[in-house]
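Values quoted throughout were computed directly from the atomic coordinates according to the rules given, and no laboratory measurement underlies them. All values reported here derive from a predicted model rather than from experimental measurement. Because the Cβ atoms are built from the backbone with ideal geometry, glycine has one as well, and the counts that use them run over all protein chains shown.
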Amino acid sequence: MSDASDQRAPSGEPVLSLKGISKHFGAVSALTDINLDVHAGEVVALVGDNGAGKSTLVKVLAGVHQPSSGTITFRGKQVTLSDPSTALDLGIATVFQDLALCENLDVVANIFLGREMSPMKLDETAMEVRAWTLLNELAARIPSVRIPIASLSGGQRQTVAIARSLLLEPKLIMLDEPTAALGVAQTAEVLNLIERVRDKGLGVIMISHNMEDVRAVADRIVVLRLGRNNGIFYPDTSNQELVSAITGATENAVSRRAGRRQAQQEQREGGQP
Ligand SMILES: Nc1ncnc2c1ncn2[C@@H]1O[C@H](COP(=O)(O)OP(=O)(O)OP(=O)(O)O)[C@@H](O)[C@H]1O
Ligand SMILES: [Mg+2]
C-alpha cells in the first residue's frame, strides 16, 4: 500500500496540505493526527465508516470547526480558517450534504444566495448570464435558470449547488456525499460534473460511501478510520482491500459475504457442462 502509493502519488506542490490535524470535542477525539494532500486537477475520495471523521475534516477545512492542533497549508501558505467566509475567500468551497438550497427561489437566486448584497452588486440580467455561464461550463442539464429549485431533480439540485460553489472561482472544492440520494443516470451526470471540475484544474475532495462511485472518479482514495489515516489507495484496489482498510479487519462481514458469493458463483460455473 504505502510503497506503491508513494510512487504513484502526484508530483508537484499540493494545493492543500494538512499536517497532524487533530480535533477534539470535549473527551471525543473526532480526528487524530491527520495528514492529507490534494493537488490541483486531482480528485481525492475521502472514505471511512460512519463516525470515521470525514464530515469533521470537511468542516475543519470549511472553517466551521477549528482544529485542536496541526497545520493547514493552502496554495503554499499556512492558513488559519477561522470562519466559513475566510475559507471561501481563500478559495476553499464546500458543497454540504444537505446542499442548503432555497426551494422556493429560482436557480439564479440560489447561485447568488448571500452574495447579492456585495458592493459589486450585479443586476438581474448579469446574474442570469453568469449563472448560465457557470452551468454551461459544467455542461449541466438544467431546463431553465428561472425555475424554482423545488421543480428540479436531485441530480439537477446537486448541479446547482456545485455551480454555486464555483461562483467565487475556488481552487479547492469539497463535496460531502454528492451522489448519496441519486439514481443511476443522475449519479453518472454528477460524476461527469466532478470530472469537469477537476479538468478545470481544481483540487476536489469527495466524500462517499459508494465504492463504485469512488473508483469511477477518484485519482486517489484516502481512508479514515476512527479519526485516523488508515491508508492511501488507488482506483484499482480490490474491494476487499478497501473494505479491510475502512473496517480495520481483514475478515469481516462484507468480505465473508463477498467470498461466499464468489464460491457459489464458481460452483455454479463449475457445474455447467
Ligand atoms: N459537534 C460535535 N460534537 C461532539 N462530537 C462530534 C461533533 N461532530 C462530530 N462528532 C463526533 O466525531 C466523530 C466523527 O464524526 P463525523 O461526523 O466526522 O463522522 P463521519 O465520518 O462524517 O460519519 P458519517 O459517515 O456517519 O457521516 C463521531 O464520533 C461524532 O460523534
Ligand atoms: Mg459525515
## Note on the structure
Too long for a 22 Å Cα-Cα cut-off, among Lys54/Lys171; Lys77/Lys171; Lys23/Lys54; Lys23/Lys200; Lys19/Lys54; Lys59/Lys171, are Lys23/Lys200
### Query
At q = 0.15 Å⁻¹, what base-10 log of I(q)/I(0) does the Debye formula yield for the stretch 16-59 when every alpha carbon is treated as an equal point scatterer in vacuo?
-0.40
### Once the Cα gyration tensor of the stretch 55-118 is diagonalised, semi-axes √(5λ) in Å
26, 14, 9
### Selected from Thr133, Val214, Val108, residue furthest toward positive end of dipole (the chain; charges at beta carbon)
Val214
### Query
Which helices count as membrane-span-like in the chain under these terms: full DSSP H, at least 24 Å along the axis by C-alpha, Kyte-Doolittle mean of 0.5 or more?
none
### Task
Would you mind getting me the FRET efficiency between Val64 and Arg268? Use the beta-carbon distance for r and R0 = 45 Å, nearest 0.05.
0.35
### Query
What does the charge dipole of the chain about its Cα centre add up to, to the nearest 20 debye, if the Cβ of each Lys and Arg holds +1 and the Cβ of each Asp and Glu holds -1?
340
### Task
Evaluate 2.2 N^0.38 Å with N set to the residue count of the stretch 63-179, then give the Cα radius of gyration divided by it.
1.13
### Task
Name the residues whose placed amide hydrogens come within less than 5 Å of the amide hydrogen of Leu202, ignoring near sequence neighbours (fewer than 5 apart) on the same chain.
Gly41
### Task
Pull up the DSSP beta bridges for the chain and report the antiparallel fraction as a percent, rounded to 5.
55
### Query
Add -39500 (n - 2.57) for each DSSP H run of 4 or more in the chain, then divide by its residues: what number comes out at 222 nm, to the nearest 500 deg cm²/dmol?
-11500 deg cm²/dmol
### Query
What's the Kirkwood radius of the chain in Å, using all Cα pairs?
19.9
### Query
What ranking of Val223, Val129 emerges when the number of other C-beta atoms within 10 Å of each C-beta is taken as an exposure proxy, fewest first?
Val129, Val223
